[in-house]
Each structure stands twice: as C-alpha cells, then as structure tokens.
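The structure appears below as structure tokens.
The values are calculated or read from the model by the stated rules, or taken from the named source; none is laboratory data. Keep in mind the model is a prediction, meaning the values are calculated, not measured. All Cβ positions, even for glycine, are placed from backbone atoms using ideal geometry, and neighbour counts span all protein chains on display. For the accessible areas, the whole protein counts, side chains as well, though only heavy atoms, and no ligand, DNA or RNA atoms are used. Shrake-Rupley method; radii C 1.70, N 1.55, O 1.52, S 1.80 Å.
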Amino acid sequence: MATWFLRRLNNHGVMQKLSMAFSGKSTTAIARRYFVSMEVGQKSDPYSCDDDYSENIDHQNQDLDFPGGKIPLTSQMKFISEASEKRLPCYRVLNDDGSLISNSIHDQLGEEVAVNMYSAMVTLKTMDTYLYEAQRQGRISFYMTTFGEEAINIASAAALSPHDFVLPQYREAGVLLWRGFTVQECTNQCFGNKDDKGKGRQMPVHYGSNKHNVITISSPLATQISQAAGVAYSLKMDKTGACAVAYTGEGATSEGDFHAGLNFAAVLEAPVIFLCRNNGWAISTPVHEQFRSDGIVSKGLGYGIRSIRVDGNDVIAVYNAVRAARTMAISEERPILVEAMTYRVGHHSTSDDSTKYRATNEIEYWKTARCPITIFRKHIHRNGWWSDDQESELYRHVKNQRQLKEQKEWRSLH
C-alpha cells in the first residue's frame, strides 16, 4: 500500500494536499473518481485544459519570446488533457457493399487502374496462400502473409511514383509486385535458391530491389523509420522531386526509432510519408496494451507533423490519402503521417497461432464482412468494369502461374 497525494485549490484559493491510499490501481482512475464526486456545477478538474487556450489568456498583449517562437501568457494554471473522449475520425470513401459514400471527397479511379489494382490484390493473396502452404510443407523456413491488408499494399503503391524510395517493414510484398517485382522473384527470395538476387543471405520475406527503389527489409524492428528521414533529406538536397515512404506496423511505434525518425523528419523538413498499418495486434499484444493515445495519428501533432487516419480496407480512401500525402510531402517539403486502420486476418507469422489470444469469430468477421478484396470487387462490379467471367479468368491465370512455379521449384530441388 502506497500513499498518493492529490493537490487542489479550496474555496479560498489555497492549495491543499490530500493523501489517498494507492494499492496498484491506476492513479488516473482514482483521480477521475475523486473529481466526479466533487460538488455539482463545479468543473471536475480545475487544472485541465479542455477549453480553448484563447479563452484563458488574460495577457493578450504579452508574449514571452522563448527560443523557437513567442508564447502567449496566461495566469490560469491549466494542464493539457491527456486524451479526448472523442476519437479522431477515419477517412473513408467506400461502404462495405462497394457503393460510394455520399458527399465523399476523392478522385475517382479510372477503369484500367482500378482493374489492375484489383488483379494485383488477388495475385498477392494467392502468392501468400502458396508460400504459406510451402512453409507448412517444410519447403521454406518462415513466412508472413498480408491477409486482410491487401488494400494498403496495392493502393498505396499505386499512389506513389516509381522514383519514390520505399522502406518496407515486412508485410509489404504487394508494393514490390505493383512495381514489377514478380511473384517468381518473391518465391526465389523465400526459397533462397540460385536465382535469389539476395544470394540466400536474408530470411524469407526480406525482399529488396535496387531496380524498383525498394530498400531491403531488415529484421530489427523500426530501423527503417529513422533511415527514411535520412533518405528523404537526401532526395530533398538532390532536388529529385521524389519522396521516401516508410511502412510500419503500430507495434513498431513503441520503438525509440519511431520517435527519433519522426522528430528528425519534422526538423529537417524531409519529404517522407510514414505509413502505419494499425492492424490491431503487435503479435499477441492488442493495441490497448501498447499505448494510451488515440492510435498513431495523434502522435503526429507532438512532432509537428501533418497527419491523417484512413480506412485501410478501403482501396479508394488509401489511394487518395497517400496520393495527397505525396503531393504535400514533395511540394511543401514536409513529412506526413498516415495511419491506415485495418486488421491482421492471418497469424503474425508462421511461428504464431493467433487463435490462442483472439476470438475466431473476430477473425472471421474481418475475413468476410470487411475483406478489402471483396469490397473493392463489389465496387468495380457496380461500375460495370468487372464480371463473373473476368473473375474466373483471373483466378485461372493466377492458378496457372502458381502451377508453373511449383514445377520450377520441384525441378530446382531435384
């Protein structure tokens, strides 16, 4: 049992120190209960700063010129609230039935781009299935799927320029596929065979390609974030008209490199997009056990970085958000933080069994009702850009590609 002290002003304006017992419960919760029990009509927390600062500034013509800029003065002691009960909104364009949300702000995709994006998403899912099964058969040692996150992969890649440098984490194989890195090249890397351009020196799914401006994935978590700030600063100095893009999961934001990378990028005014896939789980750790902030998007404010939250299962929303982020990053020479809200339908990796720590009905809901491939297929079908015959032909083509790869791998092993 510990003693915790709470300070407050009494009715005469005198500071009082109140002792309270503390036995492991959250001090925040204790304080909240205390303030709620105060007199009706009295503001619950006399030191909170839920109101606009401007309402509390009583020295309107007095600013203190600190290093970094002038700061207005106030005689009111107000603390900034730790979090707002109202969460920051999530940009979305498509309903789950594939229809457009009325009055949504977006650039409509053309038929060719939309069909190519859908085909790439299906190809990515098929490749994941094939290589996941290959690991289960003992043919490769390790694999990580992108099930449920196909929209973030393909839509973000489509919004970028081939000249932009990509620093992936490990669930961005679709970005490479969109840029022309073939399924066979991904397979070569995972098998570490004689055609692997990395010469078998990396773990499976640690892709990289000089040709496609994709910097090789490294196993240590979040190293790419601070590196991206440096890459972007170099692109800025060389006046290339390109940006850097660092992909990461929400779990990596708990690493120091995330904070160092964002701070460097903001101070250096580097043209970089930090794209965070908030898929709900850092292996077995749920988001509510990782941070108390409103997700990742709210962290941008602390570093002076413009930010947006987007529905990561909405292809059009992701495409538009990343496209706008790229324009701002390059033209205004600034970093942009994009938080894409999604769900990791698959296991964290082939070394994980996610049914041990999350409900199967939760997984099934995101796998079916909120599947980004299904939602986008409904959209292009509504527009008359896709038919059942085209669907059958696409899957037949992808299946034939898979069979050819299996035959090639069998020959290489024998």
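Summary of computed values
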read-out: Sulfur and carbon atoms: percent of accessible area, the range 165-321 [1.4 Å]; value: 54
read-out: Within the range 295-399, GluC sites (Glu not before Pro) in DSSP loop having at most 15 other beta-carbon neighbours inside 10 Å; value: GLU332, GLU333
read-out: Amide proton proximity set for LEU94, modelled H, under 5 Å, gap of 5+; value: ILE101, ALA317
read-out: Label point distance in nm, THR182-ARG323, each placed 7 Å from Cα along Cα→Cβ; value: 3.0
read-out: ARG344, ARG179, ARG87, reordered so the largest accessible area comes first (probe 1.4 Å); value: ARG87, ARG179, ARG344
read-out: Share antiparallel - DSSP beta bridges, the range 202-294, percent rounded to 5; value: 35
read-out: Pairwise FRET efficiency - SER351 versus ARG201, Cβ, R0 = 30 Å, nearest 0.05; value: 0.90
read-out: Stokes-Einstein diffusion coefficient of the range 143-191, Kirkwood radius over Cα pairs, 20 °C, 1.002 mPa s, in µm²/s; value: 189
read-out: Paramagnetic label zone (point 7 Å from Cα along Cα-to-C-beta, ARG396; backbone N under 18 Å) in the range 114-133; value: 119, 123
read-out: Cα centroid separation - the range 292-349 against the range 84-162, whole Å; value: 14
